[in-house]
Structures are given as structure tokens and as C-alpha cells.
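To start, the structure itself, in C-alpha cells.
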Amino acid sequence: MPITQDLQTLEGNQLIQLIEVDGTKFGLDEVLRFHAHNISPDGWASFAAENFGRHLQCWRDGGRKACKKDVTFNLMEGDMHNLQPAIGEVNGDRSNYRYSQFTDKFNQYGQCKTTVDFKERKFQPRDEIRGMIARTYLYMSDKYKINLSNQEEKLMTAWDKMFPPEKWECERNKLIEKIQGNDNKFITQQCK
């Protein structure tokens, strides 16, 4: 695979994510290196690691740490269709809570129309990213045979229809296909 990633702890317990993309796999002469500072361990994951990891034996044997050498876990965690930029505080608060739609009042993150119900362990994302989240969940479920609950599947299917991909999401999907070798069919079928 042309993409590798690593999460390291720096002095002061700050995290840095290192990502390398082998550019020779898509016509460049070099390896491209990226890094992100001050992120949460799940700072890029739309599909929380626990949500896909819990289906694997290594996760049941000891969580993320036990899965570090599991090939399937590493493929899922590093799948570029699953990696989305996220605001650290919001993503940290989201934790592994289930996506939901439960309010029309938003006061936790300034003007960002996102909210977390910590008591009920629910997270409601802003409208602008619901379709992208849905297509990520549907892709991960399909590609890695991860079962979604009936409620999750209905919500993701509804969001996918209500919030179709924008041009940038279609372009991103094409770039990931060039780099990683596969598309997200839930995006591709709507970008024609």
C-alpha cells in the first residue's frame, strides 16, 4: 500500500500524526510526508476506531493497542476514505458516541451547529458534513463487512440522500482512488 501512518507522543503528551504517501505509485518521483500536531488519537477518524475495531479479535483481546500489528485493523484505520479532518475538541468530545439527530439548539461550539449529548452518548454533526459521514460509514461497512445497527443504517442512508456529495468530495474521491487504488462507490455513483 502506498500510504503509511504513525501516531507518536511528543514531550508534554502532545500527539503528532505522521503520514507518508509513496508518490511513485501515482506518477511522482518522491515520497510525500505530512504531519499534524496537537490532535486527539482519533483526530482524523470519521468511523471511530472502536466502531470498526470491536469486530476484530485483537480488539476484544485488548483494544487499539492489541490491534497495532493486525493487518486488517491497520488497513481500516489507514483507509483514506475513512480519514477526515476534524476539530480536535469536537472530535474528542464526540469520542465513540453514535451519530444521531436529536436537537435544533446548538450552543456548545460557538457558531458550529454540532452538539454532543454526553449523558445519552449521542453526537449530532452539522448539516454540511452529514452526507460525507454517511458515505464514509456506508463505505466502511461495505468494504470491511462491518455491521451497522438498523438505526445506523437508516440514518446513514437518509443522510446520504439528503446531503449529496459536493464537487470537492467527488474530486477528493478521485484523488484517493489514484493514491489508494479504490474509490468510495457511495460517492462515485452520485458524481457522474
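The values are calculated or read from the model by the stated rules, or taken from the named source; none is laboratory data. Keep in mind that this is a model prediction, so the values were computed, not measured. Cβ atoms come from the backbone with ideal geometry, glycine included; neighbour counts cover every protein chain shown. Accessible surface areas use protein heavy atoms only, side chains included; no ligands, DNA or RNA. Shrake-Rupley method; radii C 1.70, N 1.55, O 1.52, S 1.80 Å.
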Residue hits (segment 47-74; open to solvent by 70 Å² or more (accessible area, probe 1.4 Å) and either in contact with a helix residue (DSSP H, G or I) (Cβ under 6 Å, 6 or more places away or on another chain) or over 20 Å from Glu152 (Cβ atoms) (or both)) are Gln57, Arg60, Asp61, Lys65, Lys68, Lys69, Val71
Log entry, pairs with first residue in segment 141-162 being over 19 Å from Gln101 (Cβ atoms), second being open to solvent by 50 Å² or more (accessible area, probe 1.4 Å) and polar (S, T, N, Q), beta carbons closer than 6 Å, six or more apart or on different chains, reads none
Any chance segment 169-178 includes a residue that's in contact (Cβ under 8 Å) with a residue 40 or more places away in the chain, assigned to a helix (DSSP H, G or I) and under 30 Å from Gln57 (Cβ atoms)?
-> yes
**Item:** Test: residue in segment 156-163 that is open to solvent by 50 Å² or more (accessible area, probe 1.4 Å) and not β-branched (Val, Ile, Thr)
**Value:** yes
Flagged in segment 111-135 as in a loop (DSSP other than H, G, I, E, B) and open to solvent by less than 60 Å² (accessible area, probe 1.4 Å), in numbering order, are Thr114, Pro125
Within segment 91-102, residues being under 17 Å from Glu50 (Cα atoms) and either among the aliphatic types (A, V, I, L, M) or open to solvent by 20 Å² or more (accessible area, probe 1.4 Å) (or both) number 7
